1. With the full set of protein chains in place, find how many percent of the accessible area of the chain is carbon and sulfur; take the probe as 1.4 Å.
2. Among the GluC sites (Glu not before Pro) within region 55-160, which fall in a DSSP loop and have no more than 10 other Cβ atoms within 10 Å of their own Cβ?
3. Probe of 1.4 angstrom, ligands and nucleic acids ignored: what's the accessible area per residue over the chain, in square angstrom?
4. With label points built 7 Å along Cα→Cβ from the Cα atoms of residue 141 and residue 170, find their separation and express it in nm.
5. Of the cross-linked pairs 38/119; 119/182; 11/38; 86/182; 11/86, which ones have a Cα-Cα span greater than 24 Å in the structure shown?
6. Give the long-range amide H neighbours of residue 170: residues separated by 5 or more places, or on another chain, with amide H under 5 Å away, using H modelled in the peptide plane at 1.01 Å from N.
7. Can you give me the Rg/Rh ratio for region 1-127, using Cα atoms for both radii and the Kirkwood formula for Rh?
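The values are calculated or read from the model by the stated rules, or taken from the named source; none is laboratory data. Small disclaimer: the values here were computed from a predicted structure and weren't measured. Virtual Cβ from ideal backbone geometry, glycine too; neighbours counted across all protein chains shown. The protein model used for the area step is the full one, side chains on, heavy atoms only, and it has no ligands, DNA or RNA in it. Shrake-Rupley method; radii C 1.70, N 1.55, O 1.52, S 1.80 Å.
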Amino acid sequence: MEFVRNKEQTKRCLLDAVDSLVEESGYEALGINAVAAKAGVSKMLIYRYFGSLEGLIAAYIQQYDYWINFNGTLPSGREGLGPFIKEMFHRQITFLRENYTLRRLYRWELSHENSLVEKLRQRREEKGVWLVEAVSRLSGHPRKEVAAVASVMTAAISYLVLLEENCLVYNGISIQEEAGWKQIEEGIDLMVDLWINRK
């Protein structure tokens with residue numbers, strides 16, 4: 001077995017191993033021994049750098065989570081807010097649909113309640129609150145209203161993407177086809193326009 005001596009390189013190898021195993025065999029394939037073997041490192045390094053297998057999974061989610069890592073540039077004024085919000089939600093759809101492993105690990109997160117999961121949710125919450133406050137300031141709409149709209153939109157996107165794999169149609173929309181997702185994106189754009197321009 002080849003030992004990778006550089007800490008960051010080793011961590012990268014372990015995160016890549018999680019991705020490969022889930023892509024190849026599903027979440028059920030994850031285990032300390034399987035991940036270490038795939039990465040070509042000692043399993044003790046998983047404990048050293050991540051504390052546990054769950055710590056490694058949480059690190060993967062944190063590395064790739066769309067909202068935790070969101071770094072879009074806020075528009076300078078209200079006129080650019082609509083396109084910014086639309087693009088933000090379109091990118092959420094694309095990002096989740098393109099990352100099979102992340103979708104699988106989101107299911108893991110939904111079924112677990114521990115300090116690691118709590119930290120992930122706290123990181124997401126911090127970014128969410130920042131975005132809500134920024135959009136409220138730029139739009140002139142109350143913060144509570146922005147938070148409610150954002151929660152419905154982001155949750156709906158996450159649910160539909162997770163559902164896509166096992167569901168052909170949702171409300172008559174073919175969610176396993178690009179045309180269906182185009183329809184959903186057009187619906188998002190319509191709702192954003194109606195909300196932004198609401199007096």
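1. On the way: 5800 of 11050 Å².
Answer for the chain: carbon and sulfur cover 52 percent of the accessible area.
2. Here the GluC sites (Glu not before Pro) that fit, given the DSSP loop and packing criteria, are 113.
3. 56 Å²
4. Computed distance between label sites residue 141 and residue 170 equals 2.1 nm.
5. Pairs exceeding 24 Å: 38/119; 119/182; 11/86.
6. Under 5 Å from the amide H of residue 170: 175.
7. Using Cα coordinates only, the ratio equals 1.05.
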